[in-house]
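Worksheet: one structure, shown below.
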Amino acid sequence: MKRIFILTGETSGDKLAASVITKLKEKNSNINYLSVGGSYLNSIGIKSIFDLKEITYIGFTSVLLNIFKIKKKIDITVSEIIKFNPNIIFSVDSPDFTLRVAEKVKRINPQIKVIHYVAPQVWIWRENRVKKFKKFVDHILLLFNFEKKYFDKENIPNTFVGHPLLEKSNNSKIDISSLIKKEKKILSIFPGSRNSEINVLMPILIDFIKMMNKRFDNFEFFFHATHENKNDIIKILEKENLNNYQVIAEEEIKLKILSISLFAVSKSGTISLEICNQKIPSIIIYKINFINYLIMKSLVKVKFANIINIINNKEIIPELLQNECNAKEIFNSVVYFLKNPKLMKNQVDACYKTLNEIKSKSSSVEEASNILAKYIIT
């Protein structure tokens, strides 16, 4: 029986991997799986060798402070993969973990094929990494067509498969009537999936909600959580004197709530694409410690954090980063948009136009699973 080891490093990668493997299972049921994964892979019956939370670090200083833990996890993962002896390593995103593991495994057993999904963002920083990937990556699956030139230049096999978040629709018939209060408008909040993001952004977001509640009495705030961090977010919110919020983690419910939201406040990341795809106006927020920020600023080649803004080379979705990521600035930005419906429509139209330009013409999950299927039979 053929074997695939799935390598992820955070919740978004776990989610992408599960969608691809679900499709692959429809094509070939005769495959054994093992992973470093989370609740999404677990939900389709794939065990993880340890809890995903144990390797989810963010920022340079966090990595440095946890360097020995991370190295130990990398070594354990390499050892488990060698024991499992897979035909394929399917690594998804989180290159500083997944590709380090893949590189070490490839040195020990060059017969194992490495297929990586979500190319490292070499167009933002550290472009010279591409030469290194050539030594151990057999195929890269790209989210965006403009990434091809970086890997074609080094003759690394690659395929533009598109982004699965851009294929999501809100056609689910799930009933959310019990969650919705008719007299309330919905504002969706995305505080992040990592503990480090939650710890930094939640206090800011809580202060923002308090400011909104002083000005308005007709908003319900929905926190979009993961299964892993839902309880952590609830515990933080329970300490506050707030009664107009809900915390949701089920995918279908989150998508349905997002689709009927008036506005969204989101941490910087790929979730922004899903918000744009649902035609919901938004702002982007993010904050890391000052040392991390200085290091990152010295390395990145682009002016913006959000992919929509990067592609257009201008700020279509407002970005409140670092010092601007505070309750007052968020409040002012949100209220400004709410008072200007035309501004919200202009943003939605510009974002959707950009999405149509970068979408794959076929199903991303279908394309990715087809490539895995080809490699598993060769």
For segment 208-228, state whether one or more residues are under 23 Å from the mean Cα position of the chain (by Cα) and on the phi > 0 side of the Ramachandran plot. no
Report yes if some residue within segment 239-246 is surrounded by fewer than 16 Cβ atoms within 10 Å (Cβ to Cβ) and over 19 Å from Met211 (Cβ atoms); otherwise report no. no
Run down Phe221, Phe208 and say which single residue is of a type outside the set (Lys, Arg), farther than 30 Å from His116 by Cβ, in a strand (DSSP E or B) and modelled with pLDDT of 95 or more. Phe221
Regarding Ser177, is this residue closer than 30 Å to Glu220 by Cα, out of contact with any Asp or Glu (no Cβ under 8 Å at 6 or more places or on another chain) and touching a residue at least 60 places away in the same chain (Cβ under 8 Å)? no
Failed condition for Asn30, given (1) without any contact (Cβ under 8 Å) to a residue 60 or more places away in the chain; (2) polar (S, T, N, Q); (3) in contact with a His (Cβ under 6 Å, 6 or more places away or on another chain), with all others met? (3)
Among the residues of segment 113-140, which ones are buried (at least 17 other Cβ atoms within 10 Å of the Cβ) and under 18 Å from the mean Cα position of the chain (by Cα)? His116, Tyr117, Val118, Ala119, Pro120, Gln121, Val122, Ile140
Would a scan of segment 163-173 turn up a residue that is modelled with pLDDT of 95 or more, out of contact with any Gly (no Cβ under 6 Å at 6 or more places or on another chain) and under 27 Å from Glu10 (Cβ atoms)? no
Is at least one residue of segment 141-152 out of contact with any strand residue (DSSP E or B) (no Cβ under 7 Å at 6 or more places or on another chain), at pLDDT 90 or above, of a type in the set (Lys, Arg) and surrounded by fewer than 18 Cβ atoms within 10 Å (Cβ to Cβ)? yes
From the option list Lys47, Lys53, Lys72, single residue qualifying as surrounded by fewer than 22 Cβ atoms within 10 Å (Cβ to Cβ), under 20 Å from Leu372 (Cβ atoms) and either touching a Phe, Trp or Tyr at 6+ places or on another chain (Cβ under 6 Å) or basic (Lys, Arg) (or both) is Lys47
Here the qualifying pairs (Cβ atoms under 8 Å; residues six or more apart or on different chains; first in segment 358-369 and surrounded by 17 or more Cβ atoms within 10 Å (Cβ to Cβ); second among the hydroxyl-bearing types (Ser, Thr, Tyr) and in a helix (DSSP H, G or I)) come out as Val365/Ser19; Val365/Thr22
Within the group Pro86, Pro110, which residue is within 25 Å of Leu143 (Cβ to Cβ), assigned to a loop (DSSP other than H, G, I, E, B) and more than 22 Å from the chain's Cα centre (by Cα)? Pro86
Do we have any residue at all in segment 157-173 that's of a type in the set (A, V, I, L, M, F, W, C) and in a loop (DSSP other than H, G, I, E, B)? yes
Failed item, numbered, when Lys254 is tested on (1) of a type outside the set (A, V, I, L, M); (2) out of contact with any His (no Cβ under 8 Å at 6 or more places or on another chain); (3) surrounded by fewer than 22 Cβ atoms within 10 Å (Cβ to Cβ); (4) assigned to a helix (DSSP H, G or I): (2)
Show me the helices (runs of 4 or more DSSP H) found entirely inside segment 276-350 where at least 2 residues are surrounded by fewer than 16 Cβ atoms within 10 Å (Cβ to Cβ) and more than 23 Å from the chain's Cα centre (by Cα). 290-299, 327-338
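Output the residues belonging to segment 224-235 that are crowded, with 19+ Cβ neighbours inside 10 Å and either over 24 Å from Ile260 (Cα atoms) or modelled with pLDDT of 95 or more (or both).
Answer for segment 224-235, where residues must be crowded, with 19+ Cβ neighbours inside 10 Å and either over 24 Å from Ile260 (Cα atoms) or modelled with pLDDT of 95 or more (or both): His224, Ala225, Glu228, Ile233.
The values are calculated or read from the model by the stated rules, or taken from the named source; none is laboratory data. Keep in mind that this is a model prediction, so the values were computed, not measured. Using ideal geometry, Cβ is built from the backbone for each residue, glycine included, and neighbour counts are taken over all protein chains shown.
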